[in-house]
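Worksheet: one structure, shown below.
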Amino acid sequence: MFLGHDEILRRISEESLLENHQTENIQGAGVDLRISRIMEPRSSGRIGASDRVLPELVECDFVLRPGGYYLFVTMERVNMPADLVAFMLNRSSLFRCGASLRTAVIDPGYHGVLTVGIKNEGAHDIQLEPGARVLQLVFAEVTGGTRGYDGRYQGGRVV
């Protein structure tokens, strides 16, 4: 079951589910999140069975070039309780401009800002602004036993 507007508000108020959010960005069944900064990978990466090497990132302007792949960080910080999981979804305005997000699940127990991939799949530049709403976060309940997130990105670490 997905959380609705009123339950999201309650969880923000009572459990600090979201920090640095804007109340007007809470929708019927999700919350629009805003872009804080954007980075471009500048080196190769490697994901092995037991190790990984992530690319060097360079902060860049807010113009998505055709075919370009970037990472951005949200202004909002999530504090996921043990009974929720969250999914990041494209806002329709974004894909209408030719961009799509590369997202992951936000596990129970994760705390921090979110890092999201974005690719301009169109033929023209796309101009973004700091503070623009670029994704919608939806929350779903987790039933049964779970484990809290204990990965390398805890706290909002980008790489």
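The values are calculated or read from the model by the stated rules, or taken from the named source; none is laboratory data. Quick caveat: nothing in here was measured; it's all calculated off a predicted structure. Cβ atoms come from the backbone with ideal geometry, glycine included; neighbour counts cover every protein chain shown.
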*under 19 Å from residue 152 (Cβ atoms) and either surrounded by 12 or more Cβ atoms within 10 Å (Cβ to Cβ) or out of contact with any Ser or Thr (no Cβ under 6 Å at 6 or more places or on another chain) (or both), is that true of residue 78?*
yes
*Kindly list, by first and then second residue, each pair from a residue in the stretch 117-142 that is modelled with pLDDT under 95 to a residue that is in a strand (DSSP E or B) and among the hydroxyl-bearing types (Ser, Thr, Tyr), limited to pairs with Cβ atoms under 7 Å and residues at least 6 apart or on different chains.*
none
*What tally of residues in the stretch 91-111 results from selecting those that are of a type outside the set (D, E, K, R) and within 10 Å of the chain's Cα centre (by Cα)?*
5
*Do you know which residues across the stretch 1-24 are out of contact with any helix residue (DSSP H, G or I) (no Cβ under 9 Å at 6 or more places or on another chain), surrounded by 14 or more Cβ atoms within 10 Å (Cβ to Cβ) and part of a helix (DSSP H, G or I)?*
7, 8, 11
*Considering the stretch 25-37 alone, what residues qualify as being outside any strand (DSSP E or B) and within 18 Å of the chain's Cα centre (by Cα)?*
25, 27, 29, 30
*asked:* Exactly one condition in (1) over 16 Å from residue 35 (Cα atoms); (2) at pLDDT below 95; (3) hydroxyl-bearing (Ser, Thr, Tyr) is false for residue 110; which is it?
replied: (2)
_Answer from 101, 94 - the residue that is at pLDDT below 95, surrounded by 16 or more Cβ atoms within 10 Å (Cβ to Cβ), among the hydrophobic types (A, V, I, L, M, F, W, C) and within 24 Å of residue 29 (Cβ to Cβ)_ = 94
*asked:* Checking residue 70 against (1) surrounded by 15 or more Cβ atoms within 10 Å (Cβ to Cβ); (2) under 18 Å from residue 137 (Cβ atoms); (3) without any contact (Cβ under 8 Å) to a residue 60 or more places away in the chain: exactly one of these is not met. Which one?
replied: (2)
*Residues of the stretch 143-157 being surrounded by fewer than 12 Cβ atoms within 10 Å (Cβ to Cβ), on the phi > 0 side of the Ramachandran plot and in contact (Cβ under 8 Å) with a residue 40 or more places away in the chain, which ones?*
155
*Looking only at the stretch 38-67, count how many residues are assigned to a loop (DSSP other than H, G, I, E, B), surrounded by fewer than 10 Cβ atoms within 10 Å (Cβ to Cβ) and hydrophobic (A, V, I, L, M, F, W, C).*
1
